[in-house]
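Step one of this worksheet: look at the structure below.
The values are calculated or read from the model by the stated rules, or taken from the named source; none is laboratory data. Worth saying up front: this structure is predicted, and the values here are computed from it rather than measured. Glycine also receives a Cβ, built like all others from the backbone with ideal geometry; neighbour counts cover every protein chain displayed.
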Amino acid sequence: MSLNSAQQDQRCSTGASPGAHLRKESDLGSASMFLTTFELEQLTGRRRAKAQARVLLGMGISHRVNAAGDLVVSRQHVGAILGAVSTERSRTRKHEPNWKALGNA
């Protein structure tokens with residue numbers, strides 16, 4: 001995807017880094033088990049890993065640090081903490097009265 005100079009100027013004037021639009025589009029389409037770098041920045045409002053870790057701890061979100069020094073955060077855990085995923089199991093069994101017990105009365 002190439003941008004003409006007017007589009008590039010517009011992106012630069014909004015404060016976005018020159019390659020930010022490419023990263024955002026590709027990251028948002030991922031259905032990974034873990035949050036992307038962009039999603040971590042959006043969630044925490046921070047860019048540096050140490051600052052992100054402090055914010056995550058304050059939010060009650062667990063994380064790990066991989067061998068490259070990047071934060072690893074489970075998408076499912078974040079959903080559960082923020083209320084996007086129900087932690088209760090759905091009931092498959094319906095509760096009904098014991099009709100046999102009522103027939104003997």
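Looking at the stretch 35-55 only, could you name the residues that are in a helix (DSSP H, G or I), over 12 Å from the mean Cα position of the chain (by Cα) and within 18 Å of Ile81 (Cβ to Cβ)?
Scanning the stretch 35-55 gives Gln52, Ala53, Arg54, Val55.
Being surrounded by 13 or more Cβ atoms within 10 Å (Cβ to Cβ), within 18 Å of the chain's Cα centre (by Cα), at pLDDT 95 or above and not polar (S, T, N, Q), is that true of even one residue in the stretch 18-34?
Looking for residues that are surrounded by 13 or more Cβ atoms within 10 Å (Cβ to Cβ), within 18 Å of the chain's Cα centre (by Cα), at pLDDT 95 or above and not polar (S, T, N, Q), one finds at least one in the stretch 18-34, hence yes.
I'm told Leu82 meets every condition in (1) surrounded by 12 or more Cβ atoms within 10 Å (Cβ to Cβ); (2) modelled with pLDDT of 95 or more except one. Can you identify the failing condition by its number?
Among (1) surrounded by 12 or more Cβ atoms within 10 Å (Cβ to Cβ); (2) modelled with pLDDT of 95 or more, Leu82 violates only (2).
Just give me the residues in the stretch 58-78 being out of contact with any strand residue (DSSP E or B) (no Cβ under 8 Å at 6 or more places or on another chain) and among the hydrophobic types (A, V, I, L, M, F, W, C), in sequence order.
Listed by number, the residues that qualify are Met59, Ile61, Ala67, Ala68, Val78.
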